[in-house]
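K.L.:
Below: one structure in structure tokens.
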Amino acid sequence: MEELLERLGRVTLQESEKQADPKAGEAEICLDTMLKTLSSDWTEKEELNALSSLTPFLSPSHPLAEKAAQVVAEVAKKEVHRPVCISLLSSLLSLLDSEQPKVLLHTGRALGNICYDNQPLQRRLVQAGLLGNLSTLLERVQCHGNLTDMVLVALGNVASLDLSREEILKTPLCSQLVTLLRHSAERKQAGECQGTPDHETETQGESERERRETILDVIAAMAEHDEVKERLVSAGLPQLLLRVVMECEKGSQGEHPGSEERLAELKAASDLLVLLLLGEVSMQNVFGEGEDSVLSATLHWLNSPTPHLQLAGALAIANFARSDDNCIRLVKGEAVPRLLELLQRQAPPSTEDGSTGSQVLYDETLQHAVLSALRNLAIPAVNKPRLVELGVLDTVLAFLRTDSSPVQFRLIGTLRMLTEGQSSVALCLGQRSDVAHRLVEWSEGRNQSTGVVAEASRLLSALPRHSRDKEVCRVSVEVGAVVPLVAMINSQFSLMQCEALLALTIISQFCLEKAAPYFHDSGLIEVLTTLFRSAASATSSPPPSPSPTHPEVPPEVIANGLALLASVLHSDKLRENAKSAALPLLISNLSSHPSPVISKPAASLLPSLK
């Protein structure tokens, strides 16, 4: 190969053009020999440094451009030779202006092979203007199946790069791909309605199906960028995806031999729609009411016999519910009853042996999606009573037995959202020892994710805070909630610290005698000592700078800690523990704190610690 390349290098472009018949020239003989060699089981390991001799032939006007591009495509099949092909990238890009289909096809193959599974090379291509060239080419060849497929493959190789998504915004590729998908869907429908012979319909349909799947894959890779999502929505992609899903769903319910393929296309289209809804602006632009809206369609998906559409519907509602206004409209509509019906079918068996006679296939991903939607819908205060009235609480509590960490996380989050500001819900949950016991188990972190531990601890703290009920406090103490709540004081988040301190203060006010041993055993006095030490140091001159290991504690956290200390000092045993620790000196220092929020309660505590 190296010898042939060197020989080719000696053949000038001028000499080639002088040949009466270019096909009979020495250059073509070299290229033909190379292609013959490459088509065999070629295992040559040499570096092919003379590959640059192909450059003069990689021109749209050169009669041998097709064969030269084909040689590059074949050489680039081998990973070891791809680096040396880099010098040909600009010449190959220029070939995308060719009017010859075969030149374009081999050029696309060459570019794809060179950059296969190599992001640095893919980035170089994008920087060199690949996406603009492909957009222009797509406009020219959109009715040419093979060339269209080549462009789609080339786009698929680079669409997932962050750089590509920025460059895509400089081209009309978003609208072009949506148009291409629409034309493919129309051809599919036309082919099914024209009475074309079965074998021809099947062949054409398979080709169009594969093209649609490729288009969907390319768009999905592009749509990770929010501005790209907005352009796709503006181009009408959501409505087109609904149409694709509807047609696939009809086909997949019969005995059509391509039903698996139809389901794959349905999955790709519905997943892409959910992806579009992840963008704030694109989601809001899609959200609407009426029988023909995307919202209406996704609500119907919840009742679909196709499991993946049920999942996509739940995810779509969860995404729509990222806006308070949307949440309020959704709760006024049909969303909640449909979500609950779907979730109820997924509830774990209630009998001890787990036998219910049901043939339901439990899907933790679906459970997580529905709970995510319900949790989001429960955020606006106005929705909380309505959701309880519709039966969300009872339906969600059926999942207390789940062992799935993602489902646990969303389950607790939903309960916590329903509890915030709702004393009746906090009272209902807090008086149930099975609920409190499960939360303690999750908050102790036994084989749990950090998210589950944090959510369980926050819900534990919410029950006494929002109920302010003696019975709730008693149950909390008896099931062991004090230990995780004391541990929560050490959280890196001030909000969680305040929630824990307030909950423990309320518990101490309602049932200090019962809680005192738990306060002692959990090391509450020691934890408060550590908390106050960081604030007491602020009274030193000059105060130390905050650091990751000793962060500055907000005044409201210290104030809540002082309120808790004031409450637990009514216990003789805890007061003696506090006196023997370093607390008296720390509280004395805090009484001189520059913030009155801290200094006043600290000064009032001093007499109790003498």
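Taken together, the values in this text are just the output of simple stated rules run on the coordinates, not laboratory data. What you are looking at is a predicted structure, and each value in this text was computed from that prediction instead of being measured. For neighbour counting, all protein chains shown are included, and Cβ atoms are generated from backbone atoms with ideal geometry for every residue, glycine included.
K.L.:
Give me the net charge for the shell around Val126: Cβ to Cβ below 14 angstrom, other residues only, Lys and Arg +1, Asp and Glu -1. Each step should come with its number before you reach the end.
P.N.:
Details: positive: Arg123, Arg124, Arg165, Lys170; negative: Asp162, Glu166, Glu167.
Every neighbour counted, the sum reads +1.
K.L.:
To the nearest 0.05, what FRET efficiency results for Thr55 and Asp363 with a Förster distance of 56 Å applied to their C-beta separation? If you can, show how the numbers build up before the last one.
P.N.:
Working: r = 56 Å, r/R0 = 1.00.
Using R0 = 56 Å, I get an efficiency of 0.50.
K.L.:
³J(HN,Hα) across region 64-76 via Karplus (A = 6.51, B = -1.76, C = 1.60, θ = phi - 60°), whole Hz, x for Gly/Pro?
P.N.:
Once θ is set to phi - 60°, the couplings for region 64-76 become 9, 4, 4, 5, 5, 5, 5, 4, 4, 4, 6, 4, 6 Hz.
K.L.:
How long is the gain from Arg446 to Lys600 if the chain were fully straight, where each residue apart is worth 0.36 nm and the alpha carbon distance is subtracted?
P.N.:
Details: separation 154, 0.36 × 154 = 55.44 nm, distance 4.07 nm.
My answer for the length gained is 51.4 nm.
K.L.:
Pairs Lys36/Lys67; Lys332/Lys384; Lys514/Lys573; Lys384/Lys514; Lys77/Lys170; Lys470/Lys514: which are spaced more than 21 Å apart, C-alpha to C-alpha? The partial results should precede the final answer.
P.N.:
Working: Lys36/Lys67 11 Å; Lys332/Lys384 12 Å; Lys514/Lys573 13 Å; Lys384/Lys514 33 Å; Lys77/Lys170 31 Å; Lys470/Lys514 11 Å.
Long pairs (Cα-Cα over 21 Å): Lys384/Lys514; Lys77/Lys170.
K.L.:
Starting from the Cα of His520, step 7 Å along the direction of its Cβ; do the same at Glu210; then give the gap between the two resulting points in nm.
P.N.:
Roughly 7.8 nm, to one decimal.
K.L.:
If you take the square roots of the eigenvalues of the alpha-carbon gyration tensor of region 389-488 and sort them as a ≥ b ≥ c, do you get rounded (a/c under 1.5), prolate (a/b over b/c) or oblate?
P.N.:
Working: a/c = 1.67, a/b = 1.08, b/c = 1.55.
The shape class here is oblate.
K.L.:
Here's a follow-up. In debye to the nearest 20, how big a dipole does the chain give about its Cα centre with +1 on each Lys and Arg Cβ and -1 on each Asp and Glu Cβ? If you can, show how the numbers build up before the last one.
P.N.:
Numbers: 55 positive and 76 negative charges, 543 e Å.
About 2600 debye.
K.L.:
By per-residue mean of other Cβ atoms within 10 Å, what is the highest-first order of 477-486, 595-604, 303-312?
P.N.:
Values: 477-486: 21.9, 595-604: 17.2, 303-312: 18.8.
With the highest mean Cβ count within 10 Å placed first, the list reads 477-486, 303-312, 595-604.
K.L.:
How many nm is it between the label spots at His437 and Ser40, if each spot is 7 Å from the Cα in line with the beta carbon?
P.N.:
7.9 nm
K.L.:
I'd like the FRET efficiency for Tyr116 and His144, computed as 1/(1 + (r/R0)^6) with the beta carbon distance as r and R0 of 25 Å, rounded to 0.05. Write out the running numbers ahead of the final one.
P.N.:
On the way: r = 24 Å, r/R0 = 0.94.
Rounded to the nearest 0.05, the efficiency is 0.60.
K.L.:
Applying a 10 Å radius around every beta-carbon, put 81-94, 409-422 in order of their mean neighbour count, most first. Before the final figure, lay out the partial values.
P.N.:
On the way: 81-94: 18.4, 409-422: 23.8.
Peptide ranking by packing, descending: 409-422, 81-94.
K.L.:
Here is a further query. For the chain, take the longest principal axis of its alpha carbons; what is the angle in degrees between that and the long axis of helix 405-419, to the nearest 10 within 0 to 90?
P.N.:
50 degrees
K.L.:
Now for a separate question. Which loop GluC sites (Glu not before Pro) in region 55-100, with loop taken from DSSP, have no more than 11 other Cβ atoms within 10 angstrom of their Cβ? Let's see the in-between values first.
P.N.:
Values: sites: Glu66, Glu74, Glu79, Glu99; in loops: Glu99.
Of the GluC sites (Glu not before Pro), the ones in loops of region 55-100 whose Cβ has at most 11 other Cβ atoms within 10 Å are Glu99.
K.L.:
Could you work out how far apart the two model spin labels at Val153 and Arg187 are, taking each label as a point 7 Å from the Cα in the direction of the beta carbon, and quote it in nm?
P.N.:
Here the modelled spin labels are 1.7 nm apart.
K.L.:
Order of 393-400, 561-568 by packing, highest average Cβ count within 10 Å first? The partial results should precede the final answer.
P.N.:
Values: 393-400: 18.6, 561-568: 22.5.
So the order, starting with the most tightly packed, is 561-568, 393-400.
K.L.:
Per DSSP H run of at least 4 residues, take -39500 (n - 2.57); add these up for the chain, divide by its residues and hand me the 222 nm value, nearest 500 deg cm²/dmol. The partial results should precede the final answer.
P.N.:
On the way: 36 runs with 420 residues, N = 610.
That comes out to -21000 deg cm²/dmol.
K.L.:
Taking the alpha-carbon centroid of each part, what is the distance from region 568-610 to region 455-478 in angstrom?
P.N.:
Centre-to-centre (Cα) distance: 26 Å.
K.L.:
Moving on. Could you let me know the centre-to-centre spacing of region 131-166 and region 264-291, using Cα atoms, in angstrom?
P.N.:
23 Å
K.L.:
Also, quick follow-up: Rank Leu8, Gln176, Met417 by how far each Cα sits towards the positive end of the charge dipole of the chain (+1 on Lys, Arg Cβ; -1 on Asp, Glu Cβ) and give me just the farthest.
P.N.:
Met417
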